[in-house]
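Structure record follows, encoded as structure tokens.
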Amino acid sequence: IGAASYVKIATNMILASQVEVLAEALEFLSLGGVPLQRLAEGLQPSVANAGIFSMKMPLMLQGDFEPRFSAKNISNLDK
């Protein structure tokens, strides 16, 4: 297994964790009665903003939490 495979898996791990935290943050806002769109507004000028959010957040705001990526593919090393 080459270094590129490990880097790719590490990248997938980071992306997966960002999507998971985004879903948790939206649920947190929902529990607090805060309009979910406020998160998108708050992230725009923030260093916490991540590219994956611009792809996933519009879907999540519509109630679409479909993974679109299997957990197997996140950490699959062909040994």
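The values are calculated or read from the model by the stated rules, or taken from the named source; none is laboratory data. Computed from a predicted structure; not experimentally measured. In this analysis, Cβ positions are derived from the backbone assuming ideal geometry, glycine residues included, and neighbour counts consider all displayed protein chains. Remember, those area values only see protein heavy atoms, side chains included, never the ligands or the DNA or RNA. Shrake-Rupley method; radii C 1.70, N 1.55, O 1.52, S 1.80 Å.
Is it the case that Leu59 is open to solvent by less than 80 Å² (accessible area, probe 1.4 Å) and modelled with pLDDT of 90 or more? First the steps, then the outcome.
Details: open to solvent by less than 80 Å² (accessible area, probe 1.4 Å): yes; modelled with pLDDT of 90 or more: yes.
Yes.
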Point to revise | Tabulated pairs, the range 7-27, first within 13 Å of Ile52 (Cβ to Cβ), second assigned to a helix (DSSP H, G or I) and among the charged types (D, E, K, R), C-beta under 8 angstrom, 6+ apart or interchain | key: Val19/Lys56; Leu22/Lys56
Study note, to complete from the structure: Matching residues in the range 6-57 (in a helix (DSSP H, G or I), closer than 21 Å to Phe69 by Cα and aliphatic (A, V, I, L, M)) number 16
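Out of the range 29-46, which residues are within 15 Å of the chain's Cα centre (by Cα) and open to solvent by 60 Å² or more (accessible area, probe 1.4 Å)? Even if it seems obvious, please write down each step before you answer.
From the range 29-46, those within 15 Å of the chain's Cα centre (by Cα) are 39-40, 43; that's our starting set.
None; the set is empty.
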